[in-house]
């Protein structure tokens with residue numbers, strides 16, 4: 001493999017056998033080398049491809065200490081087992097960047113405030129548990145104890161990495177939070193986050209939030225069934241109407257009868 005670009009002494013960009021742009025990491029891998037030189041394969045510690053390369057990615061990678069990138073790789077290796085789902089290589093960049101930034105804030109005694117941390121924890125429990133693995137590895141390797149606010153950011157990295165690299169998780173979380181607040185207010189109760197009904201409700205909301213942001217809809221042919229459900233569940237239906245109005249006003253998303261029906265049924269179980 002031939003070096004195409006040196007990002008720092010430990011990170012270079014090259015191309016694999018298929019011609020795909022690839023990042024290679026290793027301690028001292030690029031020391032004394034420049035573009036056009038052969039890669040010393042004995043020093044390679046991690047390789048991953050870049051699906052959407054740009055100057056910003058190059059800049060980010062050049063500024064991240066190799067120690068932080070290797071910690072990120074260790075975390076991701078465990079995360080793949082814990083989540084049991086495909087993870088996009090984009091997480092090697094996003095997680096490394098966020099870990100490095102969190103460590104710098106810790107060293108500079110600067111606290112990060114993440115107002116969505118509790119919602120991230122309840123909406124994405126598997127990803128949050130995975131982020132706790134990151135917390136432990138960082139503590140074990142560097143003796144650095146990060147805050148819950150930072151851990152929640154790591155959780156979003158794992159959410160994004162399961163969505164083909166899209167960066168919709170933060171906005172999805174905001175939408176889910178808004179809907180949950182409306183439901184809690186309508187029902188005049190705190191939602192039982194440990195219940196099976198809440199778990200099913202949140203699972204529904206994740207896909208619903210994705211459709212809102214992509215402006216895609218279910219069919220609109222359940223009007224007769226919806227009328228019957230509305231009569232049997234007036235409180236849940238009134239709550240769903242408020243949600244529909246909120247989404248129309250704030251996201252220009254008009255819910256179909258099918259979407260209103262499914263959401264109403266989930267709310268009725270709460």
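The values are calculated or read from the model by the stated rules, or taken from the named source; none is laboratory data. What you are looking at is a predicted structure, and each value in this text was computed from that prediction instead of being measured. Here the Cβ is made from the backbone with ideal geometry for all residues, glycine too, and neighbour counts use every protein chain on show.
Overview of results
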quantity: Restricting the range 1-30 to residues that are assigned to a loop (DSSP other than H, G, I, E, B) and more than 21 Å from residue 71 (Cα to Cα), the residue that is nearest to the chain's Cα centre (by Cα); calculated: 20
quantity: Checklist (1) loosely packed, with under 15 Cβ neighbours inside 10 Å; (2) at pLDDT 90 or above; (3) more than 26 Å from residue 118 (Cα to Cα); (4) within 27 Å of the chain's Cα centre (by Cα) applied to residue 255, failing item; calculated: (1)
quantity: Checklist (1) surrounded by fewer than 17 Cβ atoms within 10 Å (Cβ to Cβ); (2) at pLDDT below 90; (3) farther than 29 Å from residue 121 by Cβ applied to residue 194, failing item; calculated: (3)
quantity: The one condition in (1) in a loop (DSSP other than H, G, I, E, B); (2) closer than 19 Å to residue 15 by Cα; (3) without any contact (Cβ under 8 Å) to a residue 12 or more places away in the chain that residue 42 fails to fulfil; calculated: (1)
quantity: Residue that is nearest to the chain's Cα centre (by Cα) [pool: residues in the range 83-104 that are under 18 Å from residue 139 (Cβ atoms) and surrounded by 15 or more Cβ atoms within 10 Å (Cβ to Cβ)]; calculated: 95
quantity: Filter result for the condition that a residue is loosely packed, with under 15 Cβ neighbours inside 10 Å, more than 16 Å from the chain's Cα centre (by Cα) and modelled with pLDDT of 85 or more, over 107, 56; calculated: 107
quantity: Members of the range 227-252 that are surrounded by 14 or more Cβ atoms within 10 Å (Cβ to Cβ) and more than 34 Å from the chain's Cα centre (by Cα); calculated: 229, 230, 233
quantity: Hits in the range 203-222 (condition: touching a residue at least 12 places away in the same chain (Cβ under 8 Å) and exposed (fewer than 13 other Cβ atoms within 10 Å of the Cβ)); calculated: 215, 219, 221
quantity: All positions within the range 6-39 that are surrounded by fewer than 16 Cβ atoms within 10 Å (Cβ to Cβ) and in contact (Cβ under 8 Å) with a residue 12 or more places away in the chain; calculated: 9, 15, 16, 20, 27, 28, 31, 34, 35, 36, 37, 38
